[in-house]
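Accompanying notes for the structure given below.
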2 protein chains.
Amino acid sequence: MKASVVMIEPNGHFCSDCGVRGSAVCSSLDPAELREFEHLGRRVHFSSGETVFSEEDITTSFYNVLDGVMRLYKLLPDGRRQIVGFALPGDFLGMNLSGRHNFSADAIGAVIVCQFAKTPFGRFIEDRPQLLRRINELAIRELGQARDHMVLLGRRSADEKVAAFLLGWRERLLALKGPSDTVPLPMSRQDIADYLGLTIETVSRTFTKLERHGAIEIIHGGISLLDPARVEALAAA
Amino acid sequence: MKASVVMIEPNGHFCSDCGVRGSAVCSSLDPAELREFEHLGRRVHFSSGETVFSEEDITTSFYNVLDGVMRLYKLLPDGRRQIVGFALPGDFLGMNLSGRHNFSADAIGAVIVCQFAKTPFGRFIEDRPQLLRRINELAIRELGQARDHMVLLGRRSADEKVAAFLLGWRERLLALKGPSDTVPLPMSRQDIADYLGLTIETVSRTFTKLERHGAIEIIHGGISLLDPARVEALAAA
DNA sequence: GGCCAAAATTGATCTGGGTCAATCGCGTTT
DNA sequence: AAACGCGATTGACCCAGATCAATTTTGGCC
């Protein structure tokens, strides 16, 4: 689905009471800088399935996810898809060298992003090395996650992939929603399959198997970890 | 194999005539800075198979590869290995958040690195945002490569993986050694297999198949691309 | 509530690539 | 030059996960 901006709020919002204030790029700014920064970003809403940007697009903006979940993916010419990550509130998207995004991003459910035009944002960074340092920090963290995911894709079995995914997703939600053994899965089985390098059928079968063994319970819109230790053992961390 | 430093040259070298001067992190420094920078780094030699640093090690140094090839990899507890990349001259290693390397690095053949102690290097960066920007640039490039590799690991067939590897490796050597259809492969078949998420047997069979079809010729220490177009078609870019 | 479309599950079967097991090639040692 | 060792190749067989094919479940939407 191609993007169509649903709603723009050019003003009337304040970084100071933004939900991701503490974790996002902007956490590196002091209150005075924050007021200036406020004028650079616009909140933009996307509805479920909309494309925020595409792989081949020229980068004109950076994005800070404020609310919702996005899938980040690359497509092969024949349509095979690899999801390279899911973006959650606080994640920063759009950094690149070539001037083009090198992956595509869709909203999974309703999403709100804070959108920055490339040029003014670049100027703002110019004389604020602590913001650059923060962006570098986020890039390095992502690089670590990317390497972990390579291990999963290249060297783990289907059971291990699914178990590791459930634990990893719970871990990511921990920071946002607090600890819980009930893990919401807003993405489809196809999304999970494309993230893990599996087919939808294998993901479904593995979920069912885990449920039969009493390790999880498949619930509406997610799963419940009945036996986290069992799932951890399967993930073979 | 555990690392043992073979040789140290604490002085007597100059950044200004360093082979990677133009491409490495130091390309962002002016001549005056370079003279100061010179005192931060030490050239260290490693011989074939030696480990430069390990995943679990606390980071005490950053490294700039000056000569040779390294394999960067992660191990699962049961010994399965995923090579997350190969490092070549000009590559910068050691960036991390946790204070620990999150992968291990071995020399493939003889290697020379420029080693920087973490703390003084951090201080040097402090008031040189253009160096930080350069490091950020390298991190973002690596992130793009990591995402491409995820697509390969998760969604490509064995034939495609091998073909894409040969072309990708040739591409990386292009910047260092100039264009050539003779592609040296200093790494073992096991290394290639662990990079592509395959077994050594599958890599070997795929090479043989490509050779039978006249696309490549297997030569001592590498391969020769007889029909690059054919290999590109197989890689299904 | 009833209808339709899309998503998820389940089953049957197939196959790409893994596993196991020789064998080969070649550089090194004695 | 014979013996050794190790990486690479090749062959035979197997199996985890893909593919193909029905259902079944879910979620809008009149």
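Brief remarks follow.
- Shape category assigned to the protein assembly as shown from the gyration tensor of Cα positions, a/c cut at 1.5: oblate
- Copy-to-copy label separations for B:Glu217, where each label sits 7 Å from Cα toward Cβ, in nm and ascending: 6.7
- Normalised convex hull volume, region B:7-146, alpha-carbon set, Å³ per residue: 107 Å³
- Value of relative contact order over chain A, rounded to a whole percent, pairs C-alpha under 8 Å and six or more apart: 18 percent
- Nm distances between copies for B:Ala117, ranked from closest, using label points 7 Å along Cα→Cβ: 4.8
- Under a 5 Å amide H cut-off, with hydrogens placed 1.01 Å from N, B:Gly222 pairs with B:Leu185 among residues at least 5 apart or on other chains.
- Cβ-placed point charges (K, R +1; D, E -1), dipole of the protein assembly as shown about Cα centre in debye, nearest 20: 480 debye
- Charged-residue dipole, Cβ positions (Lys, Arg, Asp, Glu), chain A about Cα centre, Debye nearest 20: 360 debye
- For chain A, built as a Gaussian network whose Cα springs stay under 10 Å, the top-fluctuating residue of A:Gly222, A:Gly85, A:Gly178: A:Gly178
- Cleavage-rule hits, GluC sites (Glu not before Pro), region A:51-153, DSSP coil, Cβ neighbours within 10 Å at most 11: A:Glu56
- Once backbone amide H atoms are built at 1.01 Å from N, A:Val52 has A:Ala105, A:Asp106, A:Ala107 as its partners under 5 Å, excluding neighbours fewer than 5 places away on the same chain.
- Among B:Gly22, B:Tyr63, B:Met95 - extreme Cα towards positive end, dipole of region B:16-124, charges at beta-carbon: B:Met95
- Estimated D of region A:148-229 in µm² per second, where Rh is the Kirkwood radius over Cα pairs and Stokes-Einstein applies at 20 °C, 1.002 mPa s: 167 µm²/s
- Spin-label model, A:Arg230/A:Ser47: points 7 Å from Cα along the beta carbon direction are separated by 4.1 nm.
- Calculated label separations, B:Leu174, copies of the chain, 7 Å along the beta-carbon direction, nm: 4.4
- Candidate lysines for bridging to B:Lys209, where Cα separation is under 30 Å - those fewer than 8 sequence places away on the same chain excluded: A:Lys74, B:Lys74, B:Lys161, B:Lys177
- Phi-based couplings in Hz for region A:102-114 (Karplus 6.51, -1.76, 1.60; Gly and Pro marked x): 10, 7, 9, 9, 10, 6, 10, x, 5, 9, 10, 10, 9
- Residue-averaged 222 nm ellipticity for chain B, from DSSP H runs of 4+ at -39500 (n - 2.57), nearest 500: -12500 deg cm²/dmol
- With a 1.4 angstrom probe, the accessible area lost at the B-A interface totals about 3900 Å².
- Rounded to the nearest 20, the size of the Cβ-charge dipole of region B:174-237 about its Cα centre is 60 debye, with Lys and Arg at +1 and Asp and Glu at -1.
The values are calculated or read from the model by the stated rules, or taken from the named source; none is laboratory data. Please read these numbers as outputs of a predicted model, since none were measured by experiment. Here Cβ is always computed from backbone atoms with ideal geometry, including for glycine, and neighbour counts include all displayed protein chains. Note: accessible area is taken over every heavy atom of the protein model, side chains too, but ligands, DNA and RNA are not part of it. Shrake-Rupley method; radii C 1.70, N 1.55, O 1.52, S 1.80 Å.
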